[in-house]
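**Q** Handing you this structure, nothing more for now.
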Amino acid sequence: PHHTVHLPVQALLMEGVQRIDEMALFRERIPHDDVCPVVQPKATQLTLDGNAQLILTYADGHRTIEDIARETGLGQFMTIKGLYGMLQQGGVVLKARKTVDAAAVKRLVWAFNDVLRDIFMAVATYGGIDQTRSTLEAWIAGSGYGPIFGEQVEEDGSISVLRTVQAMGEVDIENPMEALHQALHELSAFALFAATTTLPRDQELALSRDVNTRLKRIRI
């Protein structure tokens, strides 16, 4: 038998039009979904509905609006609507998604690793490789760069590319590639300093000239 289904077409159309109008308003503050909401202290003072409270639990500064809409199951419209209300009240702010290009990290680490290997090769000729390694590893531990580079360097003086790529994928800092470049430069400069204490004066000067020239050429 045939069944007649009565749909409130007029009401559905009106709701659709209303959503279009609302979304146009929301887009004035939230132009796209590839940004990351970050909870602000004021959020604890706001009276929020269930959707907004759910959104806040996912607004960790790493998830994009698109991520939150999918993971909460609220969908795009309800997520943006909830965020818009909280934005208006100062409960959240939107920040650009921080992305680190793994290929760019690898290229940068490879470039500095070439320098580190040559430093260790020069030191090995004069039997100072163990001293240089221990001095460099002590510096890494004290510098705070251990989570990025690892606490130990490889036998040839290089650092783990994989470890650094993984670590940079998890950092939450402004300008991560610039920060990595600076950290690698400091690492290489200290490796050079540690090495020169084991080298004859003429070899020390030659190595310093070579390394400093190469470090200046490494760009992000």
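Quick note: the coordinates plus some simple rules give every number you see, no bench work behind them. Keep in mind that this is a model prediction, so the values were computed, not measured. All Cβ positions, even for glycine, are placed from backbone atoms using ideal geometry, and neighbour counts span all protein chains on display.
**Q** Which entry is the computed Kirkwood radius over Cα pairs in Å for this structure: (1) 18.8; (2) 19.4; (3) 21.4?
**A** (3)
**Q** Scan around GLN40 for amide H atoms under 5 Å from its own, H built in the peptide plane at 1.01 Å from N, and keep only partners 5 or more places away or cross-chain.
**A** Result for GLN40 returns VAL92, VAL93.
**Q** Figure the gain on full extension for GLN45 and ARG97 (residue separation times 0.36 nm, minus the Cα-Cα span) and round it to one decimal in nm.
**A** 16.1 nm
**Q** Here's something else I'd like to know. If I take the Cα coordinates of region 102-217 and project them onto the principal axes, what are the three extents in Å, biggest first?
**A** That works out to 43, 27, 19 Å along the principal axes.
**Q** Taking the Cβ of VAL211 as the center, what net charge do the other residues with Cβ under 14 Å away carry, scoring Lys and Arg +1 and Asp and Glu -1?
**A** Local charge sum for VAL211: 0.
**Q** From a point 7 Å beyond the Cα of VAL17 in the direction of its Cβ, which residues of region 79-100 have a backbone N at a distance under 11 Å?
**A** Those under the cut-off are none; the list is empty.
**Q** I want to check the label-to-label distance for HIS32 and ALA138. Put each point 7 Å from Cα in the C-beta direction and report it in nm to one decimal.
**A** 5.0
**Q** Here is a further query. Where the only charges are on Cβ atoms (+1 Lys, Arg; -1 Asp, Glu), what is the dipole of region 19-163 about its Cα centre, to the nearest 20 debye?
**A** 500
**Q** Between ASP130 and ILE218, what length in nm is gained on full extension when 0.36 nm per residue of separation is reduced by their alpha carbon distance?
**A** 29.0 nm
**Q** Also, quick follow-up: When a footprinting reagent is the concern and you count Cβ atoms within 10 Å, what order do LEU94, LEU180, LEU56, LEU162 take, fewest first?
**A** Fewest-to-most ranking of LEU94, LEU180, LEU56, LEU162: LEU162, LEU94, LEU56, LEU180.
**Q** How far apart, in nm, are the 7 Å Cα→Cβ label points at ARG107 and GLN203?
**A** Once both label points are built, they end up 3.5 nm from each other.
**Q** Using 0.36 nm per residue, how much length does the chain from ALA179 to GLN10 gain when fully extended, once their Cα-Cα distance is taken away?
**A** Full extension of this stretch gives 55.1 nm more.
**Q** Using the charge dipole of region 102-220 (Lys, Arg: +1 at Cβ; Asp, Glu: -1 at Cβ; taken about the Cα centre), state which of THR135, SER158, PHE112 has its Cα farthest towards the positive end.
**A** Looking along the dipole axis, the top candidate is PHE112.
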